[in-house]
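Colleague: Handing you a structure now.
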Amino acid sequence: MMEINITETALQKIIERTSESRGYLKLKYDTDGCGCAVNGVAVLSMEQDLDEGEIAIKTNGIPIYIQKSKAVFFDDKMTIDFSKAVNCFQLKSTSEILNGRMSLVIQKKTD
């Protein structure tokens, strides 16, 4: 079972950056421009709707959703932190840094 710990610093930055947005916070495995489906990068995304196949991950704070089929690319226990030095989120596990400069993308709904 996957679990994500969100540090207090990261939680405050997420709240600050998404304060004018409504929707769902997602941890995505973005493969666009990476060559193939097994090469990708973790990205946080605030989106208006949930997509089919997305599941909630246990966290210590706000809910985070992932595409169930992409769970294989993530570790079971991870931490989302925020680095003031590089002004980016960081996704870490006990064995590695999965993304040391993770973006938070705010998706706007287009009608």
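Colleague: Let me see the P(r) profile for the chain: every Cα-Cα distance counted, bins of 5 Å, each bin given as a percent of all pairs.
Modeller: P(r) over the chain, rounded to whole percents: 2, 12, 23, 27, 22, 11, 3, 0, 0.
Colleague: For the stretch 63-111, what class follows from the C-alpha gyration tensor (a ≥ b ≥ c being the square roots of its eigenvalues): rounded when a/c is under 1.5, otherwise prolate if a/b is larger than b/c, else oblate? List each step's numbers first, then the result.
Modeller: Numbers: a/c = 2.69, a/b = 1.16, b/c = 2.32.
Oblate, since a/c reaches 1.5 and b/c is not below a/b.
Colleague: Pulled fully out, how much extra length does the chain show between S95 and D49, if you take 0.36 nm times their separation in residues and subtract their Cα-Cα distance? Let's see the in-between values first.
Modeller: Values: separation 46, 0.36 × 46 = 16.56 nm, distance 3.23 nm.
Value of the extension gain: 13.3 nm.
Colleague: Of I64, G40, I6, which is farthest towards the positive pole of the chain's charge dipole, taken about the Cα centre with +1 and -1 on the beta-carbons of Lys, Arg and Asp, Glu respectively?
Modeller: The listed residue farthest towards the positive side: I6.
Colleague: If you don't mind, another one. Relative to the present Cα-Cα distance, how much length would full extension add between D76 and I62 at 0.36 nm per residue of separation?
Modeller: Details: separation 14, 0.36 × 14 = 5.04 nm, distance 1.77 nm.
Fully extending the segment from D76 to I62 adds 3.3 nm.
All of the numbers you see were taken from the coordinates with simple rules; none came from a lab. As the structure is a computational prediction, the values presented were derived from the model and not from experiment. Glycine gets a Cβ as well: all are built from the backbone with ideal geometry, and neighbour counts include every protein chain shown.
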